[in-house]
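Trainee: Below is the structure I would like to discuss, written out as structure tokens.
The values are calculated or read from the model by the stated rules, or taken from the named source; none is laboratory data. A quick note: this is a predicted structure, and the numbers were derived from the prediction, not measured. Backbone-built Cβ (ideal geometry, glycine too); neighbour counts: all protein chains shown.
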Amino acid sequence: MSRRCRLYLITPPEIADIAAFMKQLDEALEAGDVASLQIRLKSREGVPAPDHQILELGRHIIPRAQERGVAVLVNDRPDLAVELGADGVHIGQTDMAYAQARKLVGPDAIVGVTCHDSRHLALDAGDAGADYVAFGAFYPTDTKDPKARAEPDLLTWWQQMIELPCVAIGGITVNNARPLVEAGADFLAVSAGVWRAQGGPGAAVQAFNATFDELAT
């Protein structure tokens, strides 16, 4: 089976000007293949934005992304994902149980689960029915204080053992993406590596996709 890594965008943790961000988003989505976009408004300390801010952002960006075939997920909040008509939700280990999230979003929505650097947590998530597991952080990141550091060989082990897609996350940029793609990541979750990239979001998306094309198997 052929495999090509794809890009999983995560919004900046704070968005003060939605109109300005929409221009960045358009630039990114028009520049190349993007599989999904996660709405994540949360401080480095883990404090989420008020619901009204998440809903306002979601109402602006979800239609724009979905019309381009990009799946939109909401971080932590299956209830807001349902209200917004998003494609699914991403949950961490301390947010809520997978079964509860699945019950809220329904059988057809995407539910992804953070598994840090743990094979055990990932296997449990897969057995429960998660649509993907996310490993990381692989590199230092300014977005959050990671609870774990993962190594690329975890992606290789997962790819060899399990068919369920895996997402690599944490400090990923165009310059350090290659080892994670080579190790077996199905998706790279990227935030600052696109939005704050030198040359702009569009150039970063193009560069990521060039790497994915080069390393496709």
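Trainee: Within region 167-194, work out how many residues are closer than 21 Å to His90 by Cα, touching a strand residue (DSSP E or B) at 6+ places or on another chain (Cβ under 8 Å), small (Gly, Ala, Ser) and surrounded by 21 or more Cβ atoms within 10 Å (Cβ to Cβ).
Mentor: Counting residues in region 167-194 that are closer than 21 Å to His90 by Cα, touching a strand residue (DSSP E or B) at 6+ places or on another chain (Cβ under 8 Å), small (Gly, Ala, Ser) and surrounded by 21 or more Cβ atoms within 10 Å (Cβ to Cβ) gives 5.
Trainee: Let me ask you something else. Taking region 6-21, which residues are in a loop (DSSP other than H, G, I, E, B) and either touching a strand residue (DSSP E or B) at 6+ places or on another chain (Cβ under 6 Å) or without any contact (Cβ under 8 Å) to a residue 12 or more places away in the chain (or both)? Give the derivation first.
Mentor: Here is the first cut: in region 6-21, the ones in a loop (DSSP other than H, G, I, E, B) are 11-17.
Thr11, Pro13, Ala16, Asp17 - these are the residues of region 6-21 that are in a loop (DSSP other than H, G, I, E, B) and either touching a strand residue (DSSP E or B) at 6+ places or on another chain (Cβ under 6 Å) or without any contact (Cβ under 8 Å) to a residue 12 or more places away in the chain (or both).
Trainee: Then there's this: Just for region 114-123: of the residues that are surrounded by 21 or more Cβ atoms within 10 Å (Cβ to Cβ) and hydrophobic (A, V, I, L, M, F, W, C), which one is farthest from Ser43 (Cα to Cα)?
Mentor: Restricting to residues being surrounded by 21 or more Cβ atoms within 10 Å (Cβ to Cβ) and hydrophobic (A, V, I, L, M, F, W, C), the top hit is Ala122.
Trainee: Right, here's the next one. Of all residues in region 40-62, which are out of contact with any strand residue (DSSP E or B) (no Cβ under 9 Å at 6 or more places or on another chain), without any contact (Cβ under 8 Å) to a residue 40 or more places away in the chain and either farther than 18 Å from Met96 by Cβ or not in a helix (DSSP H, G or I) (or both)?
Mentor: Result: Ser43, Val47, Pro50, His52, Gln53, Leu55, Glu56, Arg59.
Trainee: Identify all residues within region 81-109 that are closer than 18 Å to Pro13 by Cβ and more than 17 Å from the chain's Cα centre (by Cα); write none if there are none.
Mentor: Thr94
Trainee: Of all residues in region 63-77, which are within 15 Å of the chain's Cα centre (by Cα) and either free of Cβ contacts under 8 Å to residues at least 12 places away in the same chain or not in a loop (DSSP other than H, G, I, E, B) (or both)?
Mentor: Ala65, Ala71, Val72, Leu73, Val74, Asn75
Trainee: Further, regarding this structure: Closer than 28 Å to Ala148 by Cβ and in contact with a helix residue (DSSP H, G or I) (Cβ under 6 Å, 6 or more places away or on another chain): which single residue out of Val72, Val34 fits that description?
Mentor: Just a single option satisfies the conditions, and that option is Val72.
Trainee: Over 16 Å from Lys144 (Cβ atoms), of a type in the set (A, V, I, L, M, F, W, C), in contact with a His (Cβ under 7 Å, 6 or more places away or on another chain) and part of a helix (DSSP H, G or I) - does that describe any residue in region 22-31?
Mentor: Yes; the residues of region 22-31 include at least one that is over 16 Å from Lys144 (Cβ atoms), of a type in the set (A, V, I, L, M, F, W, C), in contact with a His (Cβ under 7 Å, 6 or more places away or on another chain) and part of a helix (DSSP H, G or I).
Trainee: Suppose we keep only residues that are surrounded by 13 or more Cβ atoms within 10 Å (Cβ to Cβ) and among the hydroxyl-bearing types (Ser, Thr, Tyr) within region 1-58. Which one would you say is nearest to the chain's Cα centre (by Cα)?
Mentor: Only one residue fits best here, namely Tyr8.
Trainee: Do we have any residue at all in region 118-132 that's closer than 18 Å to Ala35 by Cα, in contact with a strand residue (DSSP E or B) (Cβ under 8 Å, 6 or more places away or on another chain) and of a type in the set (A, V, I, L, M)?
Mentor: Yes, the conditions are met somewhere in region 118-132.
Trainee: So in region 124-166, with the set limited to residues that are at pLDDT 95 or above and hydroxyl-bearing (Ser, Thr, Tyr), which one is surrounded by the most Cβ atoms within 10 Å (Cβ to Cβ)?
Mentor: Out of the qualifying residues, it is Tyr132.
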